[in-house]
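This report refers to the structure that appears directly beneath it.
Please treat every number below as a calculation from the coordinates, not as lab data. Source: prediction; values computed, not measured. FYI the Cβ positions are ideal-geometry reconstructions off the backbone, even for glycines, and counts take in every protein chain you see.
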Amino acid sequence: MTSRKPGTFWRYLLGISLLLAACQPTRTSPTVEVIEETPAEPTVQPTPTLPPSRSLVVCLSQEPSTLYLYGGNSRSMWSVLEALYDGPYDKVQYAAQPVILEKMPSLADGDAYFEPVEVQRGAEVVDADGNLVVLDQGVRVRPSGCTGADCVVSWDGTSPFNMDRLSADFELLPGITWSDGEPLKAEDSVFSFQIAADENTPVSKQWIDLTESYEAVDERTVRWTGKPGAYPLEYETLFWTPLPKHVLQNYSAADLLQTAEATDAPLGWGPYIMKEWVKGDHIELEKNPLYFRAEEGLPAFDKLVYRFLGQENDDNLAALLSGECDVVDQNTFTDEELEVLLDLEKSGKVNAFIGVGPEWEHIDFGIKPASYDDGFNLFQDARQDLFTDLRVRQAFAMCMDRQQIIDRWMLGQSVVPATYLPPSHPLYAADLPPLTYDPEEGSRLLDEVGWKNVTGDPRSPRQAFGVPNVLDGTELIVNYATTKAPLRVKIAELMAESMAECGIQLNVQYLDPGQLYAPGPEGVMFGRQFDLVQFGWESGTQPPCLLYESDQIPSAENDWIGVNITGYSNQQYDEACLAARQTYPDQAEVYQERQQAVQRLFSEELPVVPLYYRLRVAAGRPDLCGFDMDVSARSALWNLETLNYGEGCQ
C-alpha cells in the first residue's frame with residue numbers, strides 16, 4: 001500500500017470542499033447581508049512513524065539437511081531450531097534452567113520422588129551396575145532404600161522384593177502457544193516421546209528404554225516414571241521437546257522423516273517462525289507475534305536470516321567484515337585463522353567468542369590389547385606388555401610437550417588438562433595439577449623400570465633389561481595412530497620430536513577415520529589393536545568417568561560394544577565412578593566430593609594422557625551484544641532471542 005506524507009490526505013479534502021463551494025450559485029438579497037464564515041482548518045493527525053524493520057544475518061558453515069527434531073543432530077540444525085524452539089530448558093554453566101517449564105523438578109521440592117514398588121521375576125529393572133536387565137535369580141540389585149555399594153544384594157529368585165522407582169513431574173508455563181495460535185499442551189510432549197520411541201525414528205533409545213511410563217497428568221503437567229532401580233543423574237531433563245500433535249498426529253514416525261511440515265517448516269513456539277527455505281542459499285524467518293516473551297521486547301529483530309557460506313572460515317570472516325553477516329556461528333578455526341580472528345578483535349573490527357571444552361583430545365595407551373584377553377604369553381604375543389606399569393605411563397606423559405600445543409596452535413586460549421573436565425565445569429578438581437613436561441624425570445622413571453639407554457645417544461630408542469613382561473633387548477618403539485586432520489598431524493610430529501628426547505621412538509600412522517574408528521574386532525581402536533592412539537571424545541555435560549570402567553572394555557564377550565578401548569581395569573576406580581554416577585546432584589556436597597575423587601584416580605592412574613580441551617569459536621560484528629558462548633549449551637546460539645546490536649544494545 002502506498003503511504004502518504006503527513007497532512008496530504010487532509011489538504012486533499014480541503015481543496016475539494018473549496019472547489020465545490022466555488023461551484024454553487026451565489027444567493028444575494030438587497031436587505032440581508034450574507035456574511036460567509038471561513039471554514040475551520042481541520043486538525044491534522046500525523047501518520048504514526050513505524051520503526052524501521054531490523055534484521056539479523058547469521059552465517060553457517062553448513063546447511064542443515066533437515067529441521068526435524070528427530071531427523072538429524074547437526075550443529076547447523078540446532079542453530080536454526082534455537083529460533084523456532086526456545087527451550088524447553090537451557091543448559092547454563094552445565095545446569096538445566098527452565099524456559100517453558102515452571103521449574104526443573106527436584107527431590108528437595110517433592111516434584112521428583114522415589115516410591116518403593118514390588119518387582120517380580122521377569123520384570124525389567126536396572127541392576128546395581130546401572131544396566132537394564134530382566135530380574136532373575138542372582139541378579140545384583142539395590143533394595144528399596146539402598147543408595148550405596150554396601151547394601152547391594154543378589155536376589156534369591158523367590159523372596160518378595162521391593163525396589164525404588166523414580167518419578168518426576170514437569171509443569172508447562174501457562175499461556176504458551178504454538179505459532180499458529182494453538183495452545184502448547186502436555187500431550188504434545190507425550191506425542192513427541194511416542195514418536196521418539198518408535199522403531200522407525202533414528203534416535204538413541206537409552207532413556208526411552210529406562211522409562212516405565214511417560215504420561216500427561218493434566219493439560220500442563222507431564223510425569224516421567226523410570227524403571228525400578230533407574231538412577232539417571234539428569235532426571236530433571238527427562239522432558240521430551242514437544243511436537244505439535246494437532247499438525248503431525250496423522251503422520252507415521254517413518255513418514256515424519258520426509259514430511260515437509262516436520263523437516264522444512266516445523267511449527268514452534270519460539271521467537272521466530274519459518275518464512276522460507278531456499279535450498280543451497282538461505283533460510284529466512286520472521287518474528288513470532290505470539291512469542292511468550294514478546295512483552296519483554298524480544299526478539300529484537302523483525303527478520304532472521306541464516307546464510308550458508310561453506311566451511312571456509314576466511315570466507316565467513318570476510319563476510320563478517322563486509323557486513324554481509326552479523327554473526328558467524330560456531331566454527332572450527334585453524335591456528336592461522338584463530339590468529340587472524342584475535343587480531344581483528346584487538347583492532348575493534350569483530351567480536352570473538354571463545355569457549356573451552358567440554359570436548360577434549362587425548363592420547364590413549366593400549367594397556368591391554370585384545371590379544372591378551374585369552375592370556376598374555378611373553379613369547380607368543382606380537383606386542384610386549386608396554387603399559388601395564390604405571391611408571392611407564394607417567395614417563396610417557398612427562399615426555400609429551402603438551403604446553404607447546406596450547407602455545408603454538410591454540411594461541412594460549414586453552415589449557416593443558418589435568419582431567420577430563422574443563423576448568424569451567426563446576427565439578428572440576430581445581431587442586432589437581434597436570435603432569436608437566438619434564439623429560440629428565442621421565443627418563444629417570446624409564447631407567448627405574450628397566451628401559452635403558454645403551455648407545456650413549458639419548459635420542460636412540462631405549463632397550464628393555466629386566467622390564468616385567470618384556471623380552472630383554474626389546475627396543476622402545478611404539479606405533480602412534482591418528483587421523484590426517486591438520487592439527488593432529490602437527491601434534492603427532494611434535495610428540496615424536498619431544499618423546500625422542502626421552503629415548504622413545506614413535507612410529508606415526510595416519511589412518512582414515514573409517515579405518516581408525518571401525519568397530520571391533522577388526523577396528524584399530526574398538527578392536528583394541530594399537531599402542532598409542534590420538535582422538536577426541538565429544539563429551540556431554542555430565543562427567544564421563546564411565547569411559548574407563550572395566551565393563552566398558554570392548555571384547556568378544558560383549559560383542560565389541562564398549563568405549564574403554566585402553567583395556568584399563570581397576571576395581572577401585574570402577575567403584576568410585578559408580579558411586580559418583582549413582583549420587584544425585586541434589587546431594588551437592590557428596591556429589592562434588594565423589595566426582596572429584598574419581599578425577600583424582602583418573603589423574604593418578606593415567607589410562608590416557610589428556611592433550612587439550614577443544615575450542616568453540618564464534619564471531620560477531622563489533623557492536624553485537626547478548627552473545628553468550630556457554631560450552632554446556634546445545635548450540636552457541638542458545639540465547640538467540642536476546643541478541644542485539646547498535647543502539648539496541650543501550
If you add up the charges near Phe301, with Lys and Arg at +1 and Asp and Glu at -1, over every other residue whose beta carbon is less than 12 angstrom from its beta carbon, what do you get?
-> -2
Normalised alpha carbon radius of gyration of segment 357-615 [divisor 2.2 N^0.38 Å] = 0.99
When a footprinting reagent is the concern and you count Cβ atoms within 10 Å, what order do Arg165, Arg54 take, fewest first?
-> Arg54, Arg165
Ascending count of other beta-carbon atoms within 10 Å, so fewest first, for Leu601, Leu132, Leu285 | Leu132, Leu601, Leu285
Kindly express, to the nearest 10 degrees and within the range 0 to 90, the angle between helix 8-22's C-alpha long axis and the longest C-alpha principal axis of the chain.
-> 10 degrees
Size of segment 458-529 along its principal axes in angstrom, Cα-based, largest extent first?
-> 38, 29, 11
Tilt, helix 588-605 to longest principal axis of the chain (alpha-carbon atoms), in degrees rounded to tens, equals 50 degrees
Using only C-alpha positions, report the orientation-averaged shadow area of the convex hull of segment 267-330, nm², one decimal.
-> 5.2 nm²
Taking the Cα centre of the chain as origin and charging only Cβ (+1 Lys, Arg; -1 Asp, Glu), how large is the dipole, in debye to the nearest 20?
-> 1180 debye
For Asp150 and Glu124, FRET efficiency with R0 = 25 Å and r from the beta-carbon atoms, rounded to 0.05?
-> 0.50
Considering the dipole of the chain built from charges on the beta carbon (Lys and Arg +1, Asp and Glu -1) around the Cα centre, which of Ser635, Trp560, Ala597 is farthest to its positive end?
-> Ser635
Using the structure shown, select from Lys91/Lys303; Lys205/Lys245; Lys185/Lys245 the pairs with a Cα to Cα distance greater than 18 angstrom.
-> Lys91/Lys303; Lys205/Lys245
For segment 503-650, what does the equivalent ellipsoid look like in terms of its semi-axes, each the square root of 5 times an eigenvalue of the Cα gyration tensor, given largest first in whole Å?
-> 36, 24, 15
Rounded to the nearest 0.05, FRET efficiency between Asp335 and Ala496 (Cβ-Cβ, R0 30 Å) equals 0.95
Scaled radius of gyration (Cα, divided by 2.2 N^0.38 Å) that segment 144-257 gives | 1.31
Proxy reagent accessibility, fewest Cβ within 10 Å first, across Ile477, Ile565 = Ile477, Ile565
Multiply the residue gap between Leu487 and Gln515 by 0.36 nm, knock off their C-alpha separation, and tell me the result in nm, one decimal place.
-> 8.2 nm
Surface/4 of the Cα convex hull for the chain, nm² = 41.7 nm²
Semi-axes, largest first, in whole Å: what does sqrt of 5 times each Cα gyration tensor eigenvalue give for segment 270-373?
-> 36, 23, 16
Here, Val92 and Tyr113, labelled 7 Å along Cα→Cβ, have an inter-label distance in nm of 2.9 nm
Using 1/(1 + (r/R0)^6) with R0 = 60 angstrom and r between the beta carbons of Asp457 and Ile561, what's the FRET efficiency to the nearest 0.05?
-> 0.85
For segment 469-491 versus segment 65-95, the gap between their alpha-carbon centres in whole angstrom | 39 Å
Separation between the Leu471 and Lys303 pseudo-spin-labels, each 7 Å from Cα along Cα→Cβ, expressed in nm?
-> 7.4 nm
How large is the charge dipole for segment 305-421, taken about the Cα centre, if only the Cβ atoms of Lys, Arg (+1) and Asp, Glu (-1) carry charge, to the nearest 20 debye?
-> 460 debye
How far apart, in nm, are the 7 Å Cα→Cβ label points at Asp407 and Leu378?
-> 4.2 nm
Pairing the Cα long axis of helix 439-449 with the longest principal axis of the chain, what angle in degrees results, from 0 to 90 and rounded to the nearest 10?
-> 40 degrees
Considering the options Pro202, Val141, Gly175, tell which one lies farthest towards the positive end of the dipole of segment 131-215, charges being +1 on Lys and Arg and -1 on Asp and Glu at the Cβ, about the Cα centre.
-> Val141
Amide H proximity to Asn351 below 5 Å, modelled H, separation 5+ or other chain, gives Gly620, Arg621
Could you tell me which of Pro433, Ala485, Phe387 has its Cα farthest along the dipole of segment 357-615 towards the positive end, charges placed at Cβ (Lys, Arg +1; Asp, Glu -1), taken about the Cα centre?
-> Ala485
Extension gain, Asn507 back to Asn131 (0.36 nm per residue minus Cα-Cα distance, nm) = 131.4 nm
